[in-house]
Amino acid sequence: MPIIRDIRVIATAPAGANLTVVRVETDEPQLYGLGCATFTQRHLAVQTAVLAYLRPLLLGRPADRVEELWQLMMNNGYWRNGPVLNNAIAGVDIALWDIKAKQAGMPLYQLLGGQCRAGAAIYRHADGRDLTEIEDNVRQFLAQGVHYVRIQHGGYGGVESAGRSRCPDGALPGRYYDPRAYTRRALAALEHVRTTLGEELELLHDVHERLAPAAAVEFARDCQALRLFFLEDPLAPEDLAWLDNIRRVCTTPLAMGELFNHPREWTPLITGRQIDFMRMHLTQMGGLTPARKVAALGELHGVRTAWHGPGDVSPVGHALNVHLDVAAPNFGIQEFSGFSDALQNVFPGCPELRGGYLYPNDRPGLGVDIDETLAAKFPCRDPVVEWTQARLPDGSLHRP
Ligand code: MG
């Protein structure tokens with residue numbers, strides 16, 4: 001029975017985004033695990049939660065009691081289910097699963113029941129300033145063998161639209177956008193790609209909770225004719241009561257969850273069949289221990305998985321996504337935006353991208369390691385976050 005001997009945090013930013021990796025060491029030589037705890041915009045808070053609170057709680061405890069330790073970490077501080085603590089817990093939890101699979105001498109997906117599929121189908125992001133640029137970017141992905149593409153037109157909310165042109169005197173700086181111009185341009189882009197590239201390609205779009213609820217209902221209805229694979233985050237978590245309105249007016253498949261961090265957010269949406277795809281960020285929800293249960297809950301209710309997979313997930317976190325993807329019968333799709341050379345050098349054993357699929361490797365555990373000497377050459381930085389300061393045409397702040 002391995003005993004937890006030390007817990008360390010490794011901070012690195014090989015591709016620009018601050019990544020947080022937790023390393024759990026045991027008293028058995030060479031037996032350690034890695035977990036992702038990346039909350040890129042608040043990474044120092046997560047690091048403190050791991051080192052100041054979880055480390056002293058866990059040192060000397062058996063590493064193989066993953067469920068028990070998850071419950072202990074979640075409840076020990078009394079207040080629970082916040083993004084900082086959930087990411088900190090996830091870092092340890094994922095590392096403990098990595099250790100358990102290494103002990104078994106198996107890739108992690110074997111502990112989850114084995115493979116239902118050889119690789120996980122991915123979707124890529126195609127954006128552009130105009131329709132030609134968007135189409136060109138989609139064609140590049142198609143040439144690489146990608147079958148699912150998310151279409152955006154000028155970033156979230158179409159930030160290049162005319163939101164700044166009619167703001168009042170004295171309006172503050174920010175990322176201005178115009179919701180009406182955004183939906184018009186997004187529909188034009190989706191229509192253009194559907195018309196020029198045909199019906200075989202699967203199209204997605206991310207609203208990124210930029211619309212007022214009534215506008216989101218209208219937009220989801222207008223997307224129906226374009227036969228999307230899914231429409232992502234049409235509503236903010238605060239506006240979930242409007243989901244019924246969308247369900248009543250259209251059949252556009254809905255994907256939600258990347259901002260969720262409490263079971264009260266995802267459970268009713270799954271059991272009520274109000275969404276088609278669950279998109280939680282595995283570290284934001286607390287790691288593999290809760291994620292595998294929620295994936296199974298989705299299977300029982302006909303809801304598929306589409307775990308969040310942006311650039312601010314470490315390759316350790318991406319590897320976890322892929323292990324769950326290949327093992328879950330109700331896998332839907334995996335978001336992915338590629339690994340840079342620097343990332344692949346810092347994290348040997350990254351999941352492999354071939355054509356439109358990501359593949360886990362067959363090493364024991366997650367199959368990913370970290371070169372700490374190299375990681376130290378890419379220090380994290382903490383400028384004030386600008387992109388989240390979204391503003392409406394009247395100058396008021398809106399969710400990013
Ligand atoms: Mg998203």
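The values are calculated or read from the model by the stated rules, or taken from the named source; none is laboratory data. What you see is a predicted model, and the numbers here were worked out from it, not measured in a lab. In this analysis, Cβ positions are derived from the backbone assuming ideal geometry, glycine residues included, and neighbour counts consider all displayed protein chains. These accessible areas exclude ligands, DNA and RNA; they are computed on the full protein's heavy atoms, side chains included. Shrake-Rupley method; radii C 1.70, N 1.55, O 1.52, S 1.80 Å.
For the range 323-346, check the following and say yes or no: at least one residue is at pLDDT below 95 and more than 28 Å from His208 (Cβ to Cβ). Checking the range 323-346: not a single residue is at pLDDT below 95 and more than 28 Å from His208 (Cβ to Cβ).
Being among the aliphatic types (A, V, I, L, M) and surrounded by 19 or more Cβ atoms within 10 Å (Cβ to Cβ) is true of Leu190. Of the helices (runs of 4 or more DSSP H) lying entirely inside the range 53-148, those carrying at least 3 residues that are touching an Asp or Glu at 6+ places or on another chain (Cβ under 8 Å), of a type in the set (A, V, I, L, M, F, W, C) and more than 30 Å from Leu204 (Cβ to Cβ) are 66-76. Within the range 357-400, the set of residues being surrounded by 13 or more Cβ atoms within 10 Å (Cβ to Cβ), touching a His at 6+ places or on another chain (Cβ under 9 Å), assigned to a loop (DSSP other than H, G, I, E, B) and at negative phi comprises Pro360, Leu366, Val368, Cys380, Leu392, Arg399, Pro400. For the range 9-25, the count of residues that are open to solvent by 50 Å² or more (accessible area, probe 1.4 Å) and either under 21 Å from Arg363 (Cβ atoms) or of a type in the set (Asp, Glu) (or both) is zero.
Pairs linking a residue in the range 253-269 that is more than 23 Å from Cys223 (Cβ to Cβ) to a residue that is open to solvent by 10 Å² or more (accessible area, probe 1.4 Å) and away from the ligand (no atom under 15 Å from the Cβ), with Cβ atoms under 6 Å and 6 or more positions apart or on different chains, are Asn261/Asn81; Asn261/Pro83; His262/Asn81. The set of residues in the range 284-302 being part of a helix (DSSP H, G or I) and either within 16 Å of the ligand (Cβ to nearest atom) or hydroxyl-bearing (Ser, Thr, Tyr) (or both) consists of Thr289 alone.
Can you tell me which residue in the range 331-355 is nearest to the ligand (Cβ to nearest atom), limited to those that are among the aliphatic types (A, V, I, L, M) and in contact with a strand residue (DSSP E or B) (Cβ under 8 Å, 6 or more places away or on another chain)?
The qualifying residue nearest to the ligand (Cβ to nearest atom) is Ile333.
Could we say that Arg129 is without any contact (Cβ under 8 Å) to a residue 40 or more places away in the chain, closer than 24 Å to Trp387 by Cβ and open to solvent by 80 Å² or more (accessible area, probe 1.4 Å) here? Answer is yes for this residue.
Before we move on, is Arg124 under 30 Å from Glu191 (Cα atoms), among the charged types (D, E, K, R) and at pLDDT below 95? For Arg124, the condition - under 30 Å from Glu191 (Cα atoms), among the charged types (D, E, K, R) and at pLDDT below 95 - is not met.
Take the conditions (1) assigned to a helix (DSSP H, G or I); (2) away from the ligand (no atom under 16 Å from the Cβ); (3) open to solvent by 10 Å² or more (accessible area, probe 1.4 Å); Ile246 misses just one of them, which is (3). Scanning the range 112-119 finds no residues that are in the same structural domain as Gly338 (by TED's automatic domain parsing), at pLDDT 95 or above, of a type in the set (A, V, I, L, M) and open to solvent by less than 10 Å² (accessible area, probe 1.4 Å). Within the range 211-238, if we keep just the residues that are part of a loop (DSSP other than H, G, I, E, B) and open to solvent by 10 Å² or more (accessible area, probe 1.4 Å), the residue that is farthest from the ligand (Cβ to nearest atom) turns out to be Arg227. Just so you know, in the range 261-283 the residues that are more than 12 Å from the ligand (Cβ to nearest atom), under 26 Å from Arg42 (Cβ atoms) and part of a loop (DSSP other than H, G, I, E, B) include one that is farthest from the chain's Cα centre (by Cα), and it is His262. Mind listing whichever residues of the range 329-343 are touching a helix residue (DSSP H, G or I) at 6+ places or on another chain (Cβ under 8 Å) and either under 24 Å from His43 (Cβ atoms) or open to solvent by less than 10 Å² (accessible area, probe 1.4 Å) (or both)? Within the range 329-343, Gln334, Phe336, Phe339, Leu343 qualify.
When you go through Tyr148, Tyr177, Tyr156, Tyr123 one by one, which is the residue that is hydroxyl-bearing (Ser, Thr, Tyr), open to solvent by less than 40 Å² (accessible area, probe 1.4 Å) and within 30 Å of Asp325 (Cβ to Cβ)? Just a single option satisfies the conditions, and that option is Tyr123.
Test Arg354 against the criterion of being surrounded by fewer than 16 Cβ atoms within 10 Å (Cβ to Cβ) and touching a residue at least 40 places away in the same chain (Cβ under 8 Å), and give yes or no.
yes
Could you tell me whether the range 303-316 includes any residue that is outside any loop (DSSP other than H, G, I, E, B), open to solvent by 20 Å² or more (accessible area, probe 1.4 Å), away from the ligand (no atom under 15 Å from the Cβ) and touching a helix residue (DSSP H, G or I) at 6+ places or on another chain (Cβ under 9 Å)? Yes - at least one qualifying residue is present in the range 303-316.
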